[in-house]
Amino acid sequence: MKAIKIVLAIVIVSVAAIGIYYAPIIERLYFAMNMDDEASMAENLRISDTYYKTHLIQRSSKPEAFPRNVQQGVIPETFVNHGETLSTAEFLKEAKPTGLLIIKDGQVIHEQYWQGLVESDRQFAFSVAKSMTSVLVGMAIGDGLIDDVNDPVVKYLPHFKGTAWDKATIANVLEMSSGVDFDEDYSRTDTDMQRFQVNFVLDKPMEPFLLALKSAHPPGTKQGYNSMETQLAGFLLRAVLGDRTLADYMHEKLWEPLGAQDDATWTTDVTGMEVAIGGLSMSLRDLAKVGQLFLQRGQWHGEQLIPESWVLESTTPSKPYQMPGRDNPLSEKPFGYGYLWWTPVEPNGREYYASGLYGQYLFVNEDKGLVIAMYNANNKFNEAPDWWKERYQDLFQAIAIGL
């Protein structure tokens, strides 16, 4: 009887230990599966970083707020999308915004929050992190950590030789023209992105996933949206930063000199590698500072934080497969693309933007001195991402035209 009790005790302890080990994974799986629940999505986006491993990006030691010059009539009553005049109020009702911050000539002219978000709150920004990764690549080039954007990626990641990434340059990766095969369709559950997400939630490291991908076509021939391109750029950055993380570098090069008012977080995998494809949580007002920095061609209080050449190059489509247009056979999207920055289908002057899943945006119109930062909790976004993106884009352009 004593032996049976000992065995039962061992079994109970073992089951409890297994439960303790798997409980966080089960909790993350449940959270991920219910992320876009309409009733709780806005809150989910605010607390998302509490369910994952993260690196902290501390706010600046000298936080700085934008001066305010709040104006009326900044948001137009209507805007045009595909020739149809839409009610802005009705669109916003569908789009489910959580925050909208508009900066004109360095001053806040409109600030509004919904669904429980307040100005100091972080919100998960998804693929806006791609554009932020591009910013860090440009800074690394400016710091001499990367020699040239046209270098092959294997120069910095030699263990990727012989893989699908072998012939790609850094520019190819930032343009999403590496030719690596990856199915990103968010409307289905049988895609490469779905496999990647499941692996991540189950605490599997990201790098083996990238090493196993295959090539679909030669690099530098056409553009195809592939989040793994940005993740490779993240690995490249980590390789050249030495013992610093991407979060360390972002704090040093952006958050500190920009006077960031709030802490940000960058989600990591089990190895501590940042999720460059979309792991940043930050406040809307600090995100807007990055837009203002780009508007000022990389200058902040007289200091050149980003090379001006990088600001221009990274936000300007230059190759045939990067050009905007609904009839571009070399691109699967109607929008233009630079180095992880989008441009509108029909730009009004120099315009570019960062875009994230469920409606996260940082939009810049240089001619109007305009920066628009917007967060949404749009649970319908995945049903037609490009359709939604055009509507947000058209609203931003209408705001710019009206100012």
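Each value in this text was obtained by applying a stated rule to the coordinates, not by laboratory testing. Here the structure is a predicted model, which is why all the values come from computation and not from measurement. Cβ: placed from backbone, ideal geometry, glycine included. Neighbour counts: every protein chain shown.
With helices as the sole contributors, the chain gives -10500 deg cm²/dmol at 222 nm; each DSSP H run of n ≥ 4 counts as -39500 (n - 2.57), and the sum is divided by every residue. Taking the fewest neighbouring Cβ atoms within 10 Å as the starting point, the ordered list for Met374, Met282, Met41, Met33 is Met33, Met41, Met374, Met282. Per-residue Karplus couplings for the range 173-185, computed as 6.51 cos²θ - 1.76 cosθ + 1.60 with θ equal to phi - 60°, are listed in order as 5, 6, 7, 6, 10, 5, x, 6, 7, 7, 8, 9, 4 Hz, Gly and Pro entered as x. Inter-label distance, Asn81 to Gln304: 4.1 nm, where each label sits 7 Å from its Cα along the C-beta direction. Residues Glu366, Glu229, ranked from the fewest to the most other C-beta atoms within 10 Å, line up as Glu366, Glu229.
Beyond 21 Å, the tail of the calculated P(r) for the range 201-269 holds 43 percent of the Cα pairs. The value of relative contact order for the chain, using C-alpha pairs under 8 Å at least six residues apart, is 24 percent.
For the chain, a Gaussian network of Cα nodes joined below 10 Å ranks Val173, Val128, Val108 by mean-square fluctuation, and the top entry is Val108.
Along the range 42-52 the Karplus relation, 6.51 cos²θ - 1.76 cosθ + 1.60 evaluated at θ = phi - 60°, assigns HN-Hα couplings of 4, 5, 4, 5, 7, 10, 3, 5, 7, 9, 10 Hz to successive residues, with x for each Gly and Pro. For the range 280-323 versus the range 338-403, the spacing of their alpha-carbon centroids is 15 Å.
Restrict the search to the range 62-135; then list the GluC sites (Glu not before Pro) that DSSP places in a loop and that have at most 12 other Cβ atoms within 10 Å of their Cβ.
On the way: sites: Glu64, Glu77, Glu84, Glu90, Glu94, Glu111, Glu119; in loops: Glu64, Glu77, Glu119.
Passing sites in the range 62-135 are Glu77.
Across the range 146-215, C-alpha contacts under 8 Å between residues 6 or more apart give a mean separation that, scaled by the residue count, equals a relative contact order of 30 percent.
Legend: distances between Cα atoms for Lys253/Lys380; Lys96/Lys130; Lys204/Lys319; pairs beyond 28 Å are Lys253/Lys380; Lys204/Lys319. The orientation-averaged shadow of the Cα convex hull for the range 52-402, equal to a quarter of the hull surface, comes to 16.3 nm². Of the DSSP H helices in the chain, those with a Cα length along their own long axis of 15 Å or more and a mean Kyte-Doolittle hydropathy reaching -0.5 comprise 2-33, 128-142, 227-240, 284-295.
Shown in residue order for the range 326-341 are the 3J(HN,Hα) couplings computed by the Karplus curve 6.51 cos²θ - 1.76 cosθ + 1.60 at θ = phi - 60°: 7, 10, 7, x, 9, 9, 7, 10, x, 7, x, 9, x, 9, 6, 10 Hz (x for Gly and Pro).
Ranked by Cβ crowding within 10 angstrom, fewest neighbours first, how are Thr265, Thr85 ordered? Display every interim value, and only then the final one.
Details: Thr265 21, Thr85 9.
With the fewest neighbours first, Thr265, Thr85 line up as Thr85, Thr265.
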